[in-house]
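The values are calculated or read from the model by the stated rules, or taken from the named source; none is laboratory data. Predicted model, so just to flag it, every value in this text is computed and none were measured. Backbone-built Cβ (ideal geometry, glycine too); neighbour counts: all protein chains shown.
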Amino acid sequence: MSDLVVRGPTLTLRYATEADAAALFALAGPEATQWFSWGPYADEAEPLDYIRSLPARRESGVLLDFLAVHCERGPVGVTGLSEYARRDRRATVGTWFGREHWGTGVNAESKALMAHLAFATFGFHRLTAWANTRNGRSQASLERLGFRREGVLRAYNTHSSGIHDVVAFGMLPSDWEASPLHAVSVTVEGDAPAIWTSAG
Ligand SMILES: CC(C)(COP(=O)(O)OP(=O)(O)OC[C@H]1O[C@@H](n2cnc3c(N)ncnc32)[C@H](O)[C@@H]1OP(=O)(O)O)[C@@H](O)C(=O)NCCC(=O)NCCS
């Protein structure tokens with residue numbers, strides 16, 4: 001069984017390896033991580049710990065994270081699936097890019113790759129995405145890409161910066177088919193751990 005790799009016109013999603021720790025350390029600056037419970041990284045041991053934790057989390061269906069690698073610019077950020085509900089065929093997509101890669105098109109392409117993986121490869125019935133109510137950039141990008149705004153969940157995340165409300169976004173297969181993501185050409189190579197591909 002070979003590792004899962006998802007390719008689009010300019011981006012490849014692949015599993016991060018220990019050799020990617022320095023790149024992740026450089027990408028995860030204060031702007032990229034401002035809405036998260038973690039970051040910015042204080043030293044390279046932190047991304048290394050994260051990378052070492054990934055195989056077990058992939059195998060158990062907890063987290064399927066990819067390094068997004070641009071054909072010219074190299075590693076640009078991370079996107080992945082969490083909150084997987086196996087029987088219900090749904091998960092949450094989360095994404096972050098180094099600040100220098102915002103507004104360059106990598107976000108739209110990465111979402112096209114993840115939507116293809118979720119709906120065409122895994123047969124999901126839904127993708128969820130969360131955005132902090134104050135993260136206007138994330139909300140605007142999700143709506144433009146075809147996610148539907150479904151409501152606000154109050155006091156949903158507790159970070160060191162406080163207790164945060166989040167906007168819930170959802171995409172169903174029919175939303176995906178009507179979205180700009182669907183026109184992007186995607187190839188999927190290798191295999192995901194079996195837990196991701198069936199209702200069990
Ligand atoms: C969220 C993120 C993945 C989006 O990627 P991106 O490349 O910056 O997004 P895009 O350029 O595709 O889209 C951003 C949109 O928001 C708009 N925008 C920018 N700043 C904005 C603001 N303050 N308020 C509202 N909209 C804003 C942009 O104009 C653009 O819309 P347009 O394409 O219609 O002009 C990226 O900014 C990122 O990594 N942020 C840090 C991590 C993060 O917040 N992840 C989401 C977790 S909820």
* Filter the stretch 11-38 for residues that are exposed (fewer than 15 other Cβ atoms within 10 Å of the Cβ) and of a type in the set (Ser, Thr, Tyr); which is nearest to HIS164 (Cα to Cα)? -> SER37
* Asked: Residues in the stretch 113-121: is at least one in contact with a Phe, Trp or Tyr (Cβ under 9 Å, 6 or more places away or on another chain), more than 19 Å from ARG14 (Cβ to Cβ) and more than 10 Å from the ligand (Cβ to nearest atom)?
  -> yes
* Find the residue count for the stretch 75-99, including only residues that are within 16 Å of the ligand (Cβ to nearest atom) and either assigned to a loop (DSSP other than H, G, I, E, B) or of a type outside the set (Asp, Glu) (or both). => 17
* Of the residues that make up the stretch 123-132, is at least one surrounded by fewer than 21 Cβ atoms within 10 Å (Cβ to Cβ), farther than 14 Å from THR92 by Cα, within 14 Å of the ligand (Cβ to nearest atom) and at pLDDT 95 or above? -> yes
* Asked: Under 7 Å by Cβ, and 6 or more places apart or on different chains, what pairs join a residue from the stretch 118-134 that is within 18 Å of VAL152 (Cα to Cα) with one that is at pLDDT 95 or above and part of a helix (DSSP H, G or I)?
  -> LEU127/ALA115; LEU127/ALA118; ALA129/LEU142; ALA131/SER138; ALA131/GLN139; ALA131/LEU142
* **Candidate set: the stretch 100-109, residues that are surrounded by fewer than 20 Cβ atoms within 10 Å (Cβ to Cβ) and under 18 Å from HIS182 (Cα atoms); chosen: the one nearest to the ligand (Cβ to nearest atom)** => ALA108
* Given (1) part of a loop (DSSP other than H, G, I, E, B); (2) touching a Leu at 6+ places or on another chain (Cβ under 9 Å), number of the condition SER198 does not satisfy -> (2)
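Look at ALA192 and say whether it is farther than 16 Å from PHE36 by Cβ, modelled with pLDDT under 95 and more than 16 Å from the ligand (Cβ to nearest atom).
On the way: farther than 16 Å from PHE36 by Cβ: yes; modelled with pLDDT under 95: no; more than 16 Å from the ligand (Cβ to nearest atom): yes.
Taking the combined requirement at face value, the residue does not satisfy it.
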* Near pairs, Cβ below 7 angstrom, 6+ apart or cross-chain, from the stretch 1-30 (in contact (Cβ under 8 Å) with a residue 12 or more places away in the chain) to any residue that is among the basic types (Lys, Arg) and assigned to a helix (DSSP H, G or I) -> GLY29/ARG99
* To do: Can you work out which of the residues in the stretch 43-68 that are basic (Lys, Arg) and touching a helix residue (DSSP H, G or I) at 6+ places or on another chain (Cβ under 9 Å) is surrounded by the fewest Cβ atoms within 10 Å (Cβ to Cβ)?
  => ARG52
